[in-house]
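The next block holds one structure in the form of structure tokens; read it before the comments.
The values are calculated or read from the model by the stated rules, or taken from the named source; none is laboratory data. In this text the structure is predicted, and so the values were computed from the model without any measurement. Here the Cβ positions follow ideal geometry from the backbone for every residue, glycine too, while neighbour counts run over all protein chains shown.
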Amino acid sequence: MDITIILDYLIRGLSLGSVYAIIALGYTMVYGIAKMLNFAHGDVIMVGGYICFFAMSGLSGNFEEGSMAATVVPAVAGTLAAMVVCTILGVVIERLAYKPLRQASSLAVLITAIGVSYFLQNAALLLWSSNPKVFTPVTGRGSLQVGPLSVSYVTLLTIAACIIIMLALTAFTSKTKMGKAMRAVSEDKGAAQLMGINVNATISLTFAIGSALAAIAGVLYMSAYPTLTPTTGSMPGIKAFTAAVFGGIGSIPGAMLGGLLLGIIEIFAGAYISTQLQNAIVFAVLIVVLLVKPAGLLGKMVQEKV
Amino acid sequence: MNSKKFLAFTMAAAMTLSLAACGGDSGSASSTGDASGAGSTSTVESTGSAFKIGGTGPLTGTAAIYGLAAQRGAQIAVDEIQEAGGDIQFELNYQDDQNVPETAVNAYNNLKSWGMQISLGSVTSQPGIATSVYNNEDRIFALTPSASSPDVIEGKDNVFQMCFSDPNQGLASAQYISEQGLGENIYIIWKNDDVYSTGIKDQFVAEAEELGLNVVGDSTFTDDTANDFTVQLTDAQQKGADLIFLPMYYTPASLILTQADAMGYEPAFFGVDGMDGILTMDGFDASLAEGVMLLTPFNADAEDEATQAFVAEYESRYGETPNQFAADAYDCIYALKLALETAGCTPDMSAEEINDALVEVFPTITLTGLTGDGEGITWDSTGAVSKAPKGMVIQDGAYVGMD
Amino acid sequence: MNRILHMKKSTRSSLFTYTLVIVAYVVIQLLRAFREGGVGSVLEGQLVPICAYVTMALALNLVVGVSGELSLGHAGFMSIGAFAGCSVAAALQNTVTLDPLRLALSMVLGAVIAGFFGFLIGVPVLRLNGDYLAIVTLAFGEIIKSLVTNIYLGVDADGPQFSFLSNNNQLGEGGIELIRGPVGVTNSERIATFTAGFVLVLVALFIIFNLVNSRTGRAIMAARDNRIAAESVGISVTKYKMIAFVTSAALAGAAGTLYGCGQVTFTATKFDFNTSILILVFVVLGGLGNMWGSVIAAAALTILPEALRQFADYRMLVYAIVLILVMLATNNPTLWNFIARIREQRQEKKEGAK
């Protein structure tokens, strides 16, 4: 086996995994705090992709072809626009669809989330048509040559973004007041309320952050795999959910680790075993891991109280 | 019974009742041609002067692009015919099947209760296999624009295809590659949860062996893994492939082209009719498709008047360039018109009478359609189409004929 | 009347469910027999799938409602049942010529095989809790889909032939291809009938009610309500959860066979995550543990997308909105309080009258 090829696959796995990881972070935060599986998360990614696509194609005409500004300005503006729209969307969804169900069973919330997911997909179909849009990578197309390896700028940006986001989130939840409030709410809603924490505001904030991350994930995912359709978000959504559980749902480093491993396993399973059974292998690994560590790789096993 | 259950029950009951009411409404409404509110029916009043044509296709979901294209292509033909006047007029009703056989059968039944006299079958293969059986049992003539699996027409005397069958495409592709000497080492990437892709690939492999083409390997993907193709491309590169055969639709194909480019891997690519449409994708960098070859019955850049008029009309209505699904569906309507004229059918005939007449007449007609390459389109009595596939190569963002 | 009122709640509920199903069956059969156009061609075509989905919803309700475990991969069992059952039905085409008998045999076999897989999957899965169990069932559903997509099964005079990943079967003269990988199964005849579906629903109800209202059922529910307390009184939680899970898988397998034998063609991709979710929606909407709720929800939600066809392009959007609104409405505390108040008042009036 050629070492260059193995390294090449590893980098591709890291790149795919980083995207899964960013999406999984959104899943895991929402799960940690609202104890709900937000199946509409994947579709927020799709919305982010579309917003960025339209912002970029709207702006790119205004700059000189090939100049630095022509790449950077639309990309940054597009990403910001996607983040703003997705944040608003996330908060609105939470207010309208999930908040009234705060007291309901988690299954009721799950079904509602699925309804929201169908809604977003079909609204996107009506608004933006089924004809796929081809996304221009935010970094432009090009790659860095490291010895025999060629690593695309998108890959570099994705991995870097993933690390930065994880560090920032960790700092946010452990250092800032709001972050601490989030942790408190996820630990015990009632007690947090008694301590004077505004639980509803904290949950809204979590959805806002999760959705903004989904927008970033959308932009990066579309940069790496540039075909955008109304159903683009659903499969990465499910994979990222798997990744979040893989790493231990509720845990931020867990989501990161789970995402990266899932991406790497997916690529290597396809490369060395069978592309026909790629997904089967990914899920089989997941099952084995959960059997050995029932709460995921970095998850805490909560002792049941009697 | 506790209160919760009681409410759930009342709601469910209310829902069912209102649905039943809806069902009744839609039945009576559409018979007066009012279902055009749906946006999927033509404006021709159903006064018995128009043939009722129905078709199913994915209008929502992952495959919506194909169903919508067919619906729109057919609608343009219906409207043109109406504008031109004449004895034969159509009323078109397309129903969503989400590319699921079960839903397609529901959609078909819906059309049947609407009073469908002639069917456009289904747009995609798997639903097409299902609905064609019902077409055959109910004796409603079907001409499918694009359900290309041979299973769709096999054993059914009244189901015809407008598109090449999958094995024929595989066969033609292998022959074309062999004749033109396009590649020494051929690699195939195909979609292993898809009837269309599998059908073409199987026949291609068989024919390639016959012709002595060197197929160095193949690999697959599914709907769930249709994002990362680097594994497949690296494998092709390792095996020294200089031509990659892509029996698939253009959405995954565009990703393959993009990722091959990012890897700096530049083999020749050869596609099938599903590849048509790649140049019309919003935002697609046509330079990536430079040199891609494909066999397609339709070319949106063709110079002839009919094609240009159709493309202009489609673009002005829907803001997109039509693909082969739209063109095939457009041709279907004209083929039916020609056949009905030849057979002397009138709209007051029953579906079965029309069916019997069309089954007789279809193998005898020749249609000069958009997808016929000037030589015309004919059918044999099994329902299979015969038309010349065009070998195209993409140069400077446009198709150029290869021979 | 008095006797019905004084029946045990569980008996009353099961009696009501049986009545509901039987009345629905009789009404539909009468309409089909005596009304011109029957029940309409759309509903006519949906009768068998509705029965299959109702059975699926009942089966899943046993796991989610009664046993309290969230399964996101139940379509996998349906898939196994559909492929196994329909293969048997096609293979026996010339041996057993009586259609209902052949269907019954296929369903039993579909149920047994799906139940066996349920057991295999249950062994590791039921050790997990809550959402982890959900994701593992999801994973199994996906694995089953991937594997079945690559199965090629044929039968000829020399017996069955099987190959995996690519079709290497060399069938002799008169051989039948039962499963054709990604192309799935194409039935030459559809032997599943509405009556067969009705019988399956009754059988499923019978099995579930007998299980739930037995000692075993009470143990299952005890394990659901408080695992530790149940264990402390000597209930083997895993064993009872396994009983519920395997029963459910077997019923899902039978439903799959019914579904498959009623379709012209189906593929492994039909039984994906979305289908699992769809069934879960039936269960949650009908009420956890509430069997007649599942029956109504499954039937209503299968008809709903068809009834929404008049909305054309907006059909699935409207479906999504209806789904969200129904979830919000059925879980709205204000509404519940309001209803509870009215009922209280009525109760008081009644008591006052006495």
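Here are the numbers for this structure:
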read-out	value
For residue C:309: the one exception among (1) buried (at least 18 other Cβ atoms within 10 Å of the Cβ); (2) under 30 Å from residue C:62 (Cβ atoms); (3) charged (D, E, K, R)	(2)
Residue count for segment B:252-295, restricted to those that are closer than 21 Å to residue B:400 by Cα and among the hydroxyl-bearing types (Ser, Thr, Tyr)	3
Filter result for the condition that a residue is in contact with a Pro (Cβ under 9 Å, 6 or more places away or on another chain), crowded, with 20+ Cβ neighbours inside 10 Å and either aliphatic (A, V, I, L, M) or assigned by TED's automatic domain parsing to the domain that holds residue C:74 (or both), over C:262, C:286	C:262
Of residues in segment C:88-120 being surrounded by fewer than 17 Cβ atoms within 10 Å (Cβ to Cβ) and closer than 30 Å to residue C:72 by Cβ, the one farthest from the chain's Cα centre (by Cα)	C:120
Residue in segment A:111-132 that is within 13 Å of chain B (Cβ to nearest Cβ) and in contact with a strand residue (DSSP E or B) (Cβ under 8 Å, 6 or more places away or on another chain) present	yes
Unmet requirement for residue B:227, which otherwise passes all of (1) out of contact with any Phe, Trp or Tyr (no Cβ under 6 Å at 6 or more places or on another chain); (2) more than 22 Å from residue B:363 (Cβ to Cβ); (3) at pLDDT below 90; (4) part of a loop (DSSP other than H, G, I, E, B)	(1)
Residue ID - surrounded by the most Cβ atoms within 10 Å (Cβ to Cβ), chosen from residues in segment B:157-192 that are in a helix (DSSP H, G or I) and acidic (Asp, Glu)	B:166
Residue that is surrounded by the fewest Cβ atoms within 10 Å (Cβ to Cβ), among those in segment A:195-232 that are part of a helix (DSSP H, G or I) and hydroxyl-bearing (Ser, Thr, Tyr)	A:204
Where residue A:137 falls short, out of the listed (1) within 14 Å of chain B (Cβ to nearest Cβ); (2) surrounded by fewer than 18 Cβ atoms within 10 Å (Cβ to Cβ); (3) modelled with pLDDT under 85; (4) within 24 Å of the chain's Cα centre (by Cα)	(2)
Which numbered condition residue A:126 misses (of (1) part of a loop (DSSP other than H, G, I, E, B); (2) surrounded by fewer than 18 Cβ atoms within 10 Å (Cβ to Cβ))	(1)
Subset tally (residues that are touching a residue at least 40 places away in the same chain (Cβ under 8 Å) and assigned to a helix (DSSP H, G or I)) for segment B:345-363	8
Hits in segment A:235-251 - residues which are more than 8 Å from every other protein chain (Cβ to nearest Cβ) and buried (at least 22 other Cβ atoms within 10 Å of the Cβ)	A:237, A:239, A:240, A:243, A:244, A:246, A:247, A:248, A:250
Options C:279, C:296, C:303: the member that is crowded, with 24+ Cβ neighbours inside 10 Å and facing chain B (nearest Cβ under 8 Å)	C:296
Within segment A:26-67, considering residues that are without any contact (Cβ under 8 Å) to a residue 60 or more places away in the chain and acidic (Asp, Glu), the one farthest from residue A:239 (Cα to Cα)	A:64
Set C:238, C:247, C:193: member being touching a residue at least 12 places away in the same chain (Cβ under 8 Å) and either charged (D, E, K, R) or surrounded by 19 or more Cβ atoms within 10 Å (Cβ to Cβ) (or both)	C:247
Some residue of segment B:202-212 being part of a loop (DSSP other than H, G, I, E, B), modelled with pLDDT under 90 and within 25 Å of residue C:184 (Cβ to Cβ)	no
Test: residue in segment B:82-92 that is touching a strand residue (DSSP E or B) at 6+ places or on another chain (Cβ under 7 Å) and over 23 Å from residue B:343 (Cα atoms)	no
Test: residue in segment B:325-344 that is touching a helix residue (DSSP H, G or I) at 6+ places or on another chain (Cβ under 9 Å), assigned to a loop (DSSP other than H, G, I, E, B) and touching a residue at least 60 places away in the same chain (Cβ under 8 Å)	no
Pick from segment B:260-312, criterion in a helix (DSSP H, G or I), away from chain A (no Cβ under 13 Å) and among the acidic types (Asp, Glu), ranking: farthest from residue B:182 (Cα to Cα)	B:305
Test: residue in segment B:71-88 that is buried (at least 23 other Cβ atoms within 10 Å of the Cβ), touching a residue at least 24 places away in the same chain (Cβ under 8 Å), at the interface with another protein chain (Cβ under 9 Å from one of its Cβ atoms) and not β-branched (Val, Ile, Thr)	no
Hits in segment B:366-381 (condition: surrounded by 18 or more Cβ atoms within 10 Å (Cβ to Cβ) and in a loop (DSSP other than H, G, I, E, B))	B:369, B:370, B:371, B:372, B:373
Unique residue being without any contact (Cβ under 8 Å) to a residue 40 or more places away in the chain, aromatic (Phe, Trp, Tyr) and closer than 30 Å to residue B:101 by Cβ when the list is B:164, B:221, B:229	B:221
Among (1) in contact with a Gly (Cβ under 6 Å, 6 or more places away or on another chain); (2) modelled with pLDDT of 90 or more, the one test that residue C:32 misses	(2)
